[in-house]
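Trainee: Sharing a structure here in structure tokens format.
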Amino acid sequence: MTTVLKAEDLRKQFGELTAVDNVSIEIDDGNITSIIGPNGAGKTTFYNLLTGVLQPTTGSIWLRSGVEDDLADVTDAEPHQVAQAGLSRSYQITNIFEGLTVRENVRVARISHEGTRLDFRSRATGDESVEADVEELLDLTGLTHIADTPCDTLSHGEKRTVEIALALAIEPNVFLMDEPTAGMNPTEVAEIVSLIRELDADLDTTFVVTEHNMDVVTDISDRIVVLAEGAILADGTPEDVLTDERVTEAYLGSDSA
Ligand SMILES: Nc1ncnc2c1ncn2[C@@H]1O[C@H](COP(=O)(O)OP(=O)(O)O)[C@@H](O)[C@H]1O
Ligand SMILES: [Mg+2]
């Protein structure tokens, strides 16, 4: 296994509050890692640090830089630089252009990615390869049947899936999902779970997921990392972590998973 993402002694202070407290973690490829913890544990702040949305108070962040196993220091990188370096994140629907169809949204995401790249493909074949990539992304995410549907008429679950397609358009090495099943009905939850599993099997992308729904966590995780008050409380296989007394206590002590 290869480390694709590494945080070292990562800390984020908001005034007196330590939202992320000296977190050191290595994420290996070929794994689905879930990050869980009570509300306010620091999960979203951790993602904001990793993606360059927030600057850490101290600590460093490293991303696998390419074919080599070398890690590049992205601690000071801007969000667009982090994305270019191969780290993608699904935001809660905010990236979608409501007035465009599903296919048009995927095309825009794909073209803006192509625009940031060096000339890997010749200009002459550029348009065709974009269209082929768009169709592949639609197919991968199961969106082909609604490709011509305007996004403002989609269900919440469908929009979340479009968002996944947009995040995949940059061909990320690592994909951070923040609560992918939030606000979904049980049918949509089941669909998104099987989609994540399929994408994990089909792509080289490494998935990191924060999630409330413990059935989902148990179902998809190879590894579970528990955050509590900004620090790592437990880290291991689902069997080990979910039977850990400190973990059950952390959850019983709060009103929410
Ligand atoms: N921009 C901010 N300014 C001040 N405090 C913040 C900010 N963002 C998050 N926090 C605080 O940091 C803690 C962690 O929040 P968050 O990362 O959103 O947790 P989670 O995603 O696990 O629910 C909470 O106490 C929250 O109120
Ligand atoms: Mg959060």
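The values are calculated or read from the model by the stated rules, or taken from the named source; none is laboratory data. Just so we're clear, the structure is a prediction, and the values are computed from it rather than from any experiment. Here the Cβ positions follow ideal geometry from the backbone for every residue, glycine too, while neighbour counts run over all protein chains shown.
Trainee: Of the conditions (1) near ligand 1 (Cβ under 9 Å from one of its atoms); (2) of a type in the set (A, V, I, L, M, F, W, C); (3) in contact (Cβ under 8 Å) with a residue 60 or more places away in the chain, L63 satisfies every one except a single condition; which number is it?
Mentor: The number of the failed condition is (1).
Trainee: Which residue is surrounded by the fewest Cβ atoms within 10 Å (Cβ to Cβ), if the candidates are limited to segment 40-64 and must be of a type in the set (V, I, T) and within 16 Å of ligand 2 (Cβ to nearest atom)?
Mentor: Only one residue fits best here, namely V53.
Trainee: Moving on to the next point. Within segment 156-183, which residues are of a type in the set (A, V, I, L, M) and either within 16 Å of ligand 2 (Cβ to nearest atom) or surrounded by fewer than 19 Cβ atoms within 10 Å (Cβ to Cβ) (or both)?
Mentor: Matches in segment 156-183: L176, M177, A182.
Trainee: Continuing with this model, one more query. Looking at (1) under 19 Å from the mean Cα position of the chain (by Cα); (2) in the same structural domain as D29 (by TED's automatic domain parsing); (3) of a type in the set (S, T, Y), which is the only condition T161 fails?
Mentor: (2)
Trainee: Next question. In segment 24-39, which residue that is buried (at least 22 other Cβ atoms within 10 Å of the Cβ) and over 13 Å from the mean Cα position of the chain (by Cα) is nearest to ligand 2 (Cβ to nearest atom)?
Mentor: Here the residue is G37.
Trainee: Out of everything in segment 216-235 that is away from ligand 1 (no atom under 14 Å from the Cβ) and part of a loop (DSSP other than H, G, I, E, B), what residue ends up being farthest from P180 (Cα to Cα)?
Mentor: For segment 216-235, the residue satisfying everything is D222.
Trainee: From the set of residues in segment 1-15 that are at pLDDT 95 or above and over 18 Å from T75 (Cβ atoms), which is nearest to ligand 2 (Cβ to nearest atom)?
Mentor: F14
Trainee: Taking segment 47-58 on its own, how many of its residues are more than 9 Å from ligand 1 (Cβ to nearest atom) and under 12 Å from V208 (Cα atoms)?
Mentor: Looking only at that region, the number is 1.
Trainee: Related question: Right, V106: part of a loop (DSSP other than H, G, I, E, B) and either out of contact with any Asp or Glu (no Cβ under 6 Å at 6 or more places or on another chain) or within 16 Å of ligand 2 (Cβ to nearest atom) (or both) or not? First the steps, then the outcome.
Mentor: Numbers: part of a loop (DSSP other than H, G, I, E, B): no; either out of contact with any Asp or Glu (no Cβ under 6 Å at 6 or more places or on another chain) or within 16 Å of ligand 2 (Cβ to nearest atom) (or both): yes.
No; evaluated as a whole, the condition is false for this residue.
Trainee: Counting only residues that are near ligand 1 (Cβ under 8 Å from one of its atoms) and either assigned to a strand (DSSP E or B) or touching a Ser or Thr at 6+ places or on another chain (Cβ under 9 Å) (or both), how many does segment 13-46 have?
Mentor: Residues that pass the stated criteria total 13.
Trainee: Continuing with the same structure: Taking the condition of being of a type in the set (G, A, S), buried (at least 21 other Cβ atoms within 10 Å of the Cβ) and either modelled with pLDDT of 95 or more or over 25 Å from L49 (Cα atoms) (or both), how many residues in segment 200-257 meet it?
Mentor: Matching residues across segment 200-257 total 2.
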